[in-house]
1. Could you tell me the calculated FRET efficiency between ILE16 and LYS47, based on Cβ-Cβ distance and R0 = 22 angstrom, to the nearest 0.05?
2. Using a probe of 1.4 angstrom, how much of the accessible area of region 10-110 is carbon and sulfur, in percent?
3. Taking a ≥ b ≥ c as the square roots of the eigenvalues of the Cα gyration tensor of region 4-71, is the shape rounded (a/c under 1.5), prolate (a/b larger than b/c) or oblate?
4. Given a 1.4 angstrom probe, what's the average accessible area per residue across region 55-116, in square angstrom?
5. If you place +1 on the Cβ of every Lys and Arg and -1 on the Cβ of every Asp and Glu, how big does the dipole about the Cα centre of the chain come out, in debye to the nearest 20?
6. On average over all directions, what projected area in square nanometres does the chain have, based on the convex hull of its Cα atoms?
7. In terms of modelled amide H atoms, which long-range or inter-chain residues lie less than 5 Å from the amide H of GLY84?
8. Counting alpha carbon pairs within less than 8 Å and at least 6 residues apart, what relative contact order, in whole percent, applies to the chain?
Amino acid sequence: MMTTHCLFCRIVAGEIPAQALYEDDEILAFRDVNPQAPIHFLVIPKKHIPNLFEVDMEDAGLLGKILFTAQELAITEGMGKRGGRFVFNCKTDGGQSVDHVHLHVLGGRALAWPPG
Ligand code: AMP
């Protein structure tokens, strides 16, 4: 039963396994399969939105929920004291490889800035 070509929609549908950290009717958080830091997870809307340029005001509540869930999970994962990074890669110059809005949460080590 393949519903879509979008990788993250397929994770939402349960067609591809993921290590979930949180799920409700609107959002899903799961560990990144190729972690770039000791802590690296993604928070996504279940609704398919290709990137951050495609959200509008009616998505404001959804985006707020994504951010607050990221904050809560980051604290649970142990990032509350030293912090970390919350990143939306967007389109070509942002290096976005999966065209479904996702917030990266990275921590557990000092992260370099600026990005390469
Ligand atoms: P981006 O490059 O910002 O689009 O990020 C996409 C992220 O999705 C990358 O960090 C990938 O490692 C991650 N990713 C790709 N496939 C999976 C998967 N099946 N489960 C979890 N994370 C994935």
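The values are calculated or read from the model by the stated rules, or taken from the named source; none is laboratory data. Source: prediction; values computed, not measured. Every residue, glycine among them, receives a Cβ derived from its backbone with ideal geometry; neighbour counts consider all protein chains shown. When the accessible area is computed, the model is the full protein with side chains, heavy atoms only, and any ligands, DNA or RNA have been set aside. Shrake-Rupley method; radii C 1.70, N 1.55, O 1.52, S 1.80 Å.
1. Values: r = 18 Å, r/R0 = 0.80.
After rounding, the FRET efficiency stands at 0.80.
2. Answer for region 10-110: carbon and sulfur cover 52 percent of the accessible area.
3. oblate
4. About 65 Å² of surface per residue is accessible.
5. In debye, rounded to 20, the chain gives about 560.
6. Over every viewing direction, the Cα hull of the chain projects on average to 7.6 nm².
7. none
8. Numbers: 166 pairs, mean separation 33.2, N = 116.
Reported relative contact order: 29 percent.
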